[in-house]
Structures are given as structure tokens and as C-alpha cells.
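Everything on this sheet refers to the single structure shown next.
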Amino acid sequence: MLPVLLVTTVGLVPVGTAPAPGAPGVDAQYLPADKSGLLTSRTRESRVWATVQREGGLGEIFYPTIGGPSARSLTFAVTARGGLAEPRSVRTEQLGGLRFRQILDGDGWRLTANYTTDPARSSVLVDLDLAAPRGHQLFAIYDPALGNSRGGDAGRTAGDALTATDGGTSSALVGDFSATSSGFAGVSDGPTDLRDGRMDWRYTSAAAGYLVQTAALEHRHSTLALGFGGTEAAALDTARRSLRAGFGPVARAYAYGWHGYLKGLNDPPRVAQRQLWQTSAMILAALEDKTHPGAYVAAPASPWAFGADDPSGPYHLVWSRDLYQIATGLIAAGDRAGAHRALDFLFRVQQKPDGSFPQNSQVDGTPVWGGLQLDEVALPIVLAYQLGRADTWPSVKRAADFLVGYPGAPFTPQERWENQSGYSPNTIATAIAGLVCAASIARAHGDPGSAERYLSTADSWRDRVKAWTVTTTGPYSDRPYFLRLTKDGNPDAGTAYDIGDGGPVDVDQRTVVDPSFLELVRLGVLAPSDQDIRNSLAVVDAQLGVATPRGSFWHRASFDGFGEQLDGSQWEYDEPPGSRVSRGRAWPLLSGERGEYEIAAGDSRAARTRLDAMARATGPGGMLPEQVWDRTPPAGRPGFAPGTPTFSATPLAWTHAEYLRLARNLAAGRLLETPAAVTGRYGT
């Protein structure tokens, strides 16, 4: 029997039991990076993570590691007579213990979605309740990206379920479905079909391509289970077991696991918002891979052009720099075991025989980018010292020897924002602190020769850091101030360089500043009362400060182009040098770093305002962003209030770690992570 043909906007399309037409479909990048939640259980048996999408539904779902998605989205559609019923508002509520609920309100209808993952297996459960007049129907729209690849998923209806497979990874979506279909994105998928308010297509299979699967729900109160496995049979078994277990019992077991984690932490300091403190600790813990302990990724999101990466991009990698920040946040929260695992991971991936560290790596330790940041070599040493890990001496020695022996050091091929080379006060601060900490560990191991060599180098760099990076001829002040970096070690010269990220070209290095020289104070290299530090703060405030109704924030550097374009569209890789079409906005984590300086300077009241500003920068679900809008939001578009999250990576682990660290330091009245060996040597 020939298939029935339906005339639609895409032409003649077979319906009924036919395979889907239109392969491979249309590729779409990963969803916007401003997530409003992150879910994963505390168990290692459940190797699945799910992000909550600000616009409603789930965004990227990760399996079998946090290093890459296996789903682009699991969203929900409501139809009424004649078409799709779009929600007018979406509200995300955090229920505690990294559990989230969303309420989508439309014209006369409300959809409530509760989310959890199953601690006993790799599956996501969603409990749905639709309150709507007669004539409304609820659909689930599942867009797989199995094996961290969007374009190779094949799917089919398997009895009462929808299954998908790409290589050695499979998924299964089960629930009380009255109809199912597998189609190709933008051509024969559910969102295209449902534009007229009806599900007309029932494609039983779709070949490999940009697969989108659709299920009509039989009842207005339904529970869905999305399971993953190495085979279709395994994924089906996982999903069905979770569905039989029931949403309520699974959600309670999930919450119990996080409750136990929180019980093992320090009590939130009184200066902190209790829920944000606990959320920050849980976000850091949730970003650790369950197969490779200590591998904490930067964020569960891919902002802007990175969302087009296939496989997914750099925020799903482990960075030595970010991992140090995460570990110090874990220490502040009271999770020293997590910090120890982070340090162990760092030394497992340390490059042999030279002793450096990958700029970033997959969660299994495989290096990805080939750059070198000297701060990423030094910070693991500082962390080892902070944790009292004298047992790491062989690894510490390799790293310290690398710093001392690297040609041209402390000139770094890349500084902490990884897009410039030069003499960076931030990088030099980390290198000095790393060598002094290494010397302390060397003495504990009876190696005074190495200790003296490290200290001699550290002292030499400290003596010269201002000569390399403080200008006396810059245009911003008649007093000396720190530059972001110099290309030639001559800060009084007008040496020019290109900013990168679409920023201007041929820029005089004396006009480029950033706040990261404060690492010299935080790590004990210079005193907070140092006059050049104070002069530089005034310059940075004038050049990079952003005063908003939610508090004060800072841009990360002069002329920064890493952020949305001026009209609000996304940053792109190929923005030509000097185009200046994009603009980096303000970074809440820099407010935290300023607060830490103020604690060191004895101004706890000012530091408290920084902590409060960070708290007011949270987005839905208590997620802290990478960037917030400054005073130049996109023109003519509503919803971009200064101090509120941009579409940058949210939640960003570094920002949550900084919140934890600043709050703990405020409560202590001092910087707890400043190495005593450094302050003792330099009297700071």
C-alpha cells in the first residue's frame, strides 16, 4: 500500500508508517548558554547531567561524561486549535538540592515541569502537569546529540518508546504516548508538523541525520523517562526501570543525596546568602566527571559561536586555571576531598617529561588546545602547598623546574585570558607564588638546592615585575599604574598590538589595563598598601568600572570584544580584527577578586558590597553568570538591565567558586588561600 501524502510547507511528505523524508535535516547549534539550572545525582551509578533552559524545558543533557552532550534538548509544546500555544512567561524555581521546577504560563493554560535525574541509573525524569481548557494537547520534543555529535543520530519507534542511536551511544524516551514520530530537524520534525496545531506525521524511523523525535502525551499529567546506554536495549531498560520506580521516589532519593553532601560542608557564613552559598557549592560538585574523578569542567554551556562546535567546545573542557579556582572554592565550602581530587587530576595530566600542563583537556586528560599559559603551570603548585600535599613533590619539582627553565620566563606565550602573550603582572604573580611554594615543599623533602634556585628566581622576578609591567608614561594617570601586559618588558614604550576577539588593532600597550594585577596582592607578592597597586585601582575603576543598580562590576580588560555584538547577537569566531562589532561586558568574578583585595586592605565593609553585588547578579535558578550587561546594552531591545546576566556561560564554575571564596574570606577577616610561605618571605 502506498503511503498517504500530505501537502505541507515542505512539499509532498509521506505520513503513516513511512520512514521520515528530508535527510539529513537542518543543523542548529546548541541552545543559548544562559542556563537556569543543572541537575545530576550524587551517585557515580548515574552518569547523566541535564541543564535547565531559561526559555523552558531541558537544554543539553550530558552522557556518559560531563565532557560532552548526548542530547541537544528535551522540550515541550502545547497546541490549541489552529496552532502552537506559545508560553507568555517561564519561571524557574530551585527546590533545593539542585532540583528544579519550571512553570510555563500561556493564554489560559499552565504547564508545570519537575525535573530530576535517577541516582540509580543514567536517566532523566520529568513530571509534567498541564492545566488547560479542552482542545489543548501536550507534546514532548526530543533532539538527541548522541556521542557529542548532532548530525549522526538515527531513530525509530520501538513499541511504546522512541529510541535513537549514534555509534556506541543510544537513548530511549518512554512515557504514556498516544503517537510518536522521528523526523529531520526543520523538515519533517515535530516543531514543523505542529505549526497547524495537529500532529499529522507518524514517521516510524529516520536515518542518520539531525534527528528530532516527537511524542504526543496521552494524559495531561505524565511522567517521562529519558534513558541512556551503550545500546538501544540498554537505554530502553534504563528508561523503563526509572519510569517504574516513579518520579516521587526517584526525586526523593536524588534530594537525599544532595542533602547528605551539604551536611558534610562548612556552615554558610552569615555574610553569604545561604541558598546561593549552597547552590554554588553544589554547582562546583556537579561539574565533576563521574568516570574521571577530579575532572571539573568550566561550565555546562557553550556560549555564542561555541554553540556551533560539533563536538562541543572549550567550556566542556578541564582548564588548569579554572580547576585551581574551583578547588579553592571547594576548600572554602568545606569539600577538601574534592579539592584533593582536582589536584590529583592535575598531576595525572601533567606533561612529561617537561612538567607543564595542558592548556585544557578532555575529562580523560587528553590535551585539546596546544597553547601554554605559565599561570596554569604555577597554580597547581600553589594548590599543592595550600592542601599540604608534600607527597606531590616529584610533580611539583617538574612544574617548578619548567617555570625556572622556560626560555624568556616570566614572559608567557598566553596570559590568563589566553589571547595575548607578554609580561603579565597576573602571570608573574602566580609564577612567583608557585616557586616560593615549591621551595617550601622542596625543603620538606630535603632538597635545599632546588629550594634556593626557586627562591632566587622568584626574588628576581618580584624585583622586576614593576619594571616589566608598570608604566609611568601612560595616558590614564600621571602616577604609575599596572598594564594588562607588555609585549617587550618596556611599559613606558608605546609598543602596539592587536587586542583580538574582534577588538581594535595597533593599540598602544599603555592604554590597555585590566584588574588582574590584584593577584600580586592575593598571593602575597605585594602588599595591599603598595602605592602602585592603589594608583592602578583608580585607573581600572575609571576605565573598566561599571556601576549598576545591582552593584559595581568590571570589564576584564580595555577594548575587550569577547561578548555579544552591539545589537545583542552572538560573538563569532570570524569577527575581523578591528571590526569592534562585539563587546565584552562586565564579569561578576572580578567583583569577587576586588572584594578579596579589600579584605587584604582591611576594608571588609567594601568587600561585603562586592559579595552582595555578586548575589544580585544571579539569574533564574540561582545560577551565577560569566558576564552581566554593562551600560551599553543592545539598543532598542528590552530585557537587558545593567547588572543582569548576558547570554554568556551560565553557570560558570569560576564565578561560583569566587562567591564561595569571598564569603569565607569575609567571615575569616583575611585571605585564607594566600600562601603563608609567600607572605612570610616578602613581609606582605
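What follows is calculated from the coordinates using simple rules that are stated; it is not laboratory data. Bear in mind the structure is a predicted one, so any value in this text is a computation, not a measurement. Cβ sites come from the backbone with ideal geometry, for glycine too, and all protein chains shown count toward neighbours.
Computed quantities for the displayed model
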quantity: Gyration tensor (alpha-carbon) shape descriptor, region 5-239, a/c threshold 1.5; calculated: oblate
quantity: Lysine-lysine proximity count for the chain, Cα under 22 Å, sequence distance 8 or more or distinct chains; calculated: 4
quantity: Modelled label reach - residue 547, point 7 Å along Cα→Cβ, region 626-655 residues with backbone N closer than 20 Å; calculated: 628-633, 641-644
quantity: Contact order normalised by residue count of the chain, Cα under 8 Å, 6+ apart, percent; calculated: 12 percent
quantity: Net lengthening on full extension, residue 337/residue 55 (0.36 nm per residue, minus Cα-Cα); calculated: 97.9 nm
quantity: Prolate/oblate/rounded label for region 474-581 (Cα gyration tensor, a/c 1.5); calculated: oblate
quantity: Length gained when the stretch residue 530-residue 134 is fully extended (0.36 nm per residue, less Cα-Cα span); calculated: 135.4 nm
quantity: Residue 196 paired with residue 676, simple spin-label distance in nm, labels 7 Å along Cα-to-beta-carbon; calculated: 7.6 nm
quantity: Simple label model, 7 Å out from Cα along Cβ direction - residue 160 to residue 88, nm; calculated: 3.7 nm
quantity: Region 287-682 shape via C-alpha gyration tensor axes, a/c threshold 1.5; calculated: rounded
quantity: Taking only Cα atoms of the chain, radius of gyration then Dmax in Å; calculated: 26.2, 88
quantity: Helix 336-349 vs. the chain, principal-axis angle (Cα, 0 to 90°, nearest 10); calculated: 80 degrees
quantity: Calculated FRET efficiency for the pair residue 256/residue 460, C-beta based, R₀ 51 Å, to 0.05; calculated: 0.40
quantity: Added length on full extension, which subtracts the Cα-Cα distance from 0.36 nm per residue, residue 263 to residue 604; calculated: 119.9 nm
quantity: Computed [θ] at 222 nm, deg cm²/dmol, the chain (DSSP H ≥ 4; -39,500 (n - 2.57); rounded to nearest 500); calculated: -10000 deg cm²/dmol
quantity: Degrees between helix 374-386 axis and first principal axis of the chain (Cα, 0 to 90, nearest 10); calculated: 80 degrees
quantity: Normalised contact order of region 5-239, rounded percent, pairs of Cα under 8 Å and 6 or more residues apart; calculated: 23 percent
quantity: Label-to-label distance, nm, for residues given as residue 641 and residue 488 (7 Å Cα→Cβ offset); calculated: 4.9 nm
quantity: Förster radius 41 Å - calculated FRET efficiency between residue 208 and residue 574, Cβ distance, rounded to 0.05; calculated: 0.90
